[in-house]
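Readers should treat all values here as calculations from the given coordinates under stated rules, not as data from a laboratory. Owing to the predicted nature of the structure, the values given are computational and were not obtained by experimental measurement. Cβ sites come from the backbone with ideal geometry, for glycine too, and all protein chains shown count toward neighbours.
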Protein chains: 2
Amino acid sequence: MSNHKNIKPTESELEILAILWEKGPATVRDIHEVLEQRKDAGYTTTLKLMQIMLEKGLVDRDTSNKTHVYRATVSQKDTQQQLLSKMIDTVFNGSASQLVLQALGNRHSSAAELDAIKAYLDEMEKKSK
Amino acid sequence: MSNHKNIKPTESELEILAILWEKGPATVRDIHEVLEQRKDAGYTTTLKLMQIMLEKGLVDRDTSNKTHVYRATVSQKDTQQQLLSKMIDTVFNGSASQLVLQALGNRHSSAAELDAIKAYLDEMEKKSK
DNA sequence: ATTTGACTACGAAAATATTCGTAAATACAT
DNA sequence: ATGTATTTACGAATATTTTCGTAGTCAAAT
């Protein structure tokens with residue numbers, strides 16, 4: 001029952017969220033240093049983006065120190081779910097399993113990962129009986 | 001080795017592509033009638049979008065009759081792959097299997113679909129030996 | 001031949017997203 | 001205290017996407 005709000009981050013916002021999810025709470029500079037490695041954007045661009053994300057409620061921040069610390073307010077899982085759902089609907093004809101096969105097909109997954117998926121499938125079938 | 005180009009349709013373009021993939025070649029009116037059911041956009045809006053898609057090479061068209069017939073030039077599969085890849089990278093920490101579990105979790109898939117996935121996994125494991 | 005209706009072309013407005021420059025605030029070192 | 005470096009705030013320029021109005025074309029019906 002987690003979350004009913006529509007999470008719709010833009011492309012750039014998603015990149016920032018991803019970093020926040022991975023590293024946990026971080027400053028603008030932290031984020032910017034990561035982004036800098038793949039794109040070239042100015043520092044204030046990152047800052048502005050994060051301020052906009054604050055307005056939208058995608059993040060909040062601790063302003064008790066001069067250098068603010070930002071934190072994602074939307075969970076990675078909810079966001080994943082949201083985006084997946086949309087993608088399945090629009091690009092995979094509404095079929096989750098079609099997406100699954102496609103995802104497994106063109107990526108390498110370790111044997112352990114595959115086993116985990118199989119175990120999960122077994123679990124589902126058991127429950128559905 | 002189908003396709004090296006970067007397919008990056010916008011949100012609206014993707015909706016149109018989805019319809020073209022499903023119905024095959026279609027006129028602007030065909031597309032618009034489908035879109036009309038979920039959003040309210042004017043006819044010329046759809047037309048303009050499709051003209052832009054033509055410029056970008058996402059579609060081509062048969063102009064031998066007055067009413068042009070559009071056809072997707074990018075395949076559904078290539079587009080799926082492209083979008084999936086990006087999504088896995090940015091939202092699923094690079095792990096395809098993480099995406100798979102998430103996709104299976106919150107959607108209903110039929111027993112037959114699940115079996116198909118399992119069969120596929122078995123196939124992969126066999127080959128990797 | 002004229003009207004009517006459906007179509008395309010196209011420019012441009014409106015909405016949204018991205019980028020950046022500049023100013024003000026703060027902390028720290030000299 | 002003054003200078004330096006780092007930060008935030010914020011307006012505004014730019015770029016991109018979406019929307020639509022208007023004009024012109026064509027074919028079929030009157």
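Stretched out straight at 0.36 nm per residue, the stretch from A:ASN93 to A:ALA116 would grow longer than its current Cα-Cα span by 5.7 nm. Distance between the pseudo-spin-label points of A:MET124 and A:GLN51 (7 Å out from Cα toward the beta carbon): 4.5 nm.
Residues whose amide H comes within less than 5 Å of that of A:VAL59, counting only those at least five positions distant or on another chain, are A:LEU54, A:THR73 (H built at 1.01 Å from N in the peptide plane). The other copies place their A:ALA116 label points at 2.5 nm from this one, listed shortest first, where each point is 7 Å from Cα along Cα→Cβ.
Summing Lys and Arg as +1 and Asp and Glu as -1 over all other residues whose Cβ lies under 14 Å from the Cβ of A:ILE31 gives a net charge of +1.
Relative to the Cα centre, the charge distribution of the range A:51-96, modelled as +1 at Lys and Arg Cβ and -1 at Asp and Glu Cβ, gives a dipole magnitude of about 120 debye.
Name the lysines eligible as straight-distance cross-link partners of A:LYS56: C-alpha to C-alpha under 16 Å, and not fewer than 8 places from it in the same chain. List returned: A:LYS5, A:LYS8, A:LYS48. Around the amide H of B:THR27, modelled in the peptide plane, lie the amide H atoms of B:TYR70, all under 5 Å away and 5 or more residues distant in sequence or on another chain.
Per-residue ellipticity at 222 nm, computed for the protein assembly as shown from helices alone with -39500 (n - 2.57) per DSSP H run of at least four residues, works out to -20000 deg cm²/dmol. For the range A:11-20, backbone phi angles converted through the Karplus equation (6.51, -1.76, 1.60; θ = phi - 60°) give residue-by-residue couplings of 3, 5, 5, 5, 4, 5, 4, 4, 5, 4 Hz, Gly and Pro being listed as x. Residue and distance for the chain A Cβ closest to the axis that moves A onto B, in whole Å, come to A:VAL100, 3.
On full extension, the segment bounded by B:ASN65 and B:ALA41 gains 6.1 nm, given 0.36 nm per residue less the C-alpha separation.
Hey, for A:THR90 with labels 7 Å out along Cα-Cβ, what do the inter-copy distances come to in nm, ordered shortest first? So the label point of A:THR90 gives 1.2 nm to the other copies.
Only Cα pairs within less than 10 Å get springs; with that Gaussian network setup on chain B, which residue of B:SER95, B:SER12, B:SER110 has the largest fluctuation? With Cα springs under 10 Å in chain B, the top fluctuation among B:SER95, B:SER12, B:SER110 is at B:SER110.
Here the Karplus curve 6.51 cos²θ - 1.76 cosθ + 1.60, taken at θ = phi - 60°, turns the phi angles of the range B:42-53 into couplings of x, 4, 5, 5, 4, 4, 4, 4, 5, 5, 5, 4 Hz, with x standing for Gly and Pro. Placing a label point 7 Å from Cα along the Cα-to-Cβ axis, B:VAL69 is separated from the same position in the other copies by 6.4 nm, shortest listed first. For the protein assembly as shown, what does the alpha-carbon gyration tensor say about shape, rounded, prolate or oblate, given a ≥ b ≥ c as the root eigenvalues, a/c under 1.5 as rounded, and a/b over b/c as prolate? Taking the square roots of the gyration eigenvalues as a ≥ b ≥ c, the protein assembly as shown is oblate.
Which of B:GLY24, B:ILE52, B:GLY42 sits closest to the plus end of the dipole of the range B:1-85, meaning its Cα is farthest towards the positive end, when Lys and Arg get +1 and Asp and Glu get -1 on the C-beta? Final value for the positive-end residue is B:ILE52. When the square roots of the Cα gyration tensor eigenvalues are ordered a ≥ b ≥ c, the ratio a/c for the range B:11-72 is under 1.5, which makes its shape rounded.
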